[in-house]
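Engineer: If you scroll down you'll find the structure; I have some questions about it.
Values quoted throughout were computed directly from the atomic coordinates according to the rules given, and no laboratory measurement underlies them. Computed from a prediction, not measured in an experiment: that's the story for all the values here. Cβ atoms come from the backbone with ideal geometry, glycine included; neighbour counts cover every protein chain shown.
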Amino acid sequence: MTDEEYDALSEEFIRNPPKLGPNGTGFLSKRGFRLLGLQEKTIDYLMIKARELNKSPFKIIHELVCKEIKKSL
C-alpha cells in the first residue's frame, strides 16, 4: 500500500468509522479486536475510553498512534 493509499483509507475511516452491530457484533466489537490479537486489558481500555469520549475505538487508536508519531519526530 502506498502512502497516498494509506492516507486516503485513513481519512475515509476517520470520516466514516465502522459501526458496531446492534448486539455488540462487528469488527469494532471485543470479538473483532480479539481477532486482531489485542490483549483483553487493551480491549477493555479501548471500549471504556470510546464510551467516555463518545468516539469510536478506531478513533482512539488513531489518536494514540498520531501522538506517538509526533513524539518521535
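Engineer: Could you work out the local net charge near Glu11, counting Lys and Arg as +1, Asp and Glu as -1, over the other residues with Cβ closer than 14 Å to its Cβ?
Structural biologist: -3
Engineer: Taking the Cβ of Ile60 as the centre, find all other residues whose Cβ is under 10 Å away and add up their charges (Lys, Arg: +1; Asp, Glu: -1).
Structural biologist: +1
Engineer: If you add up the charges near Lys49, with Lys and Arg at +1 and Asp and Glu at -1, over every other residue whose beta carbon is less than 10 angstrom from its beta carbon, what do you get?
Structural biologist: Residues near Lys49 contribute 0 overall.
Engineer: What is the distance, in nm, between label points placed 7 Å from the Cα along the Cα-to-Cβ direction at Gln39 and at Arg51?
Structural biologist: Result: 2.2 nm between the two label points.
Engineer: HN-Hα J couplings of the range 45-59 from phi, Karplus 6.51/-1.76/1.60, θ = phi - 60°, integer Hz, Gly and Pro as x?
Structural biologist: Working through the residues one at a time gives 4, 4, 5, 5, 4, 4, 5, 4, 9, 6, 10, 6, x, 4, 5 Hz.
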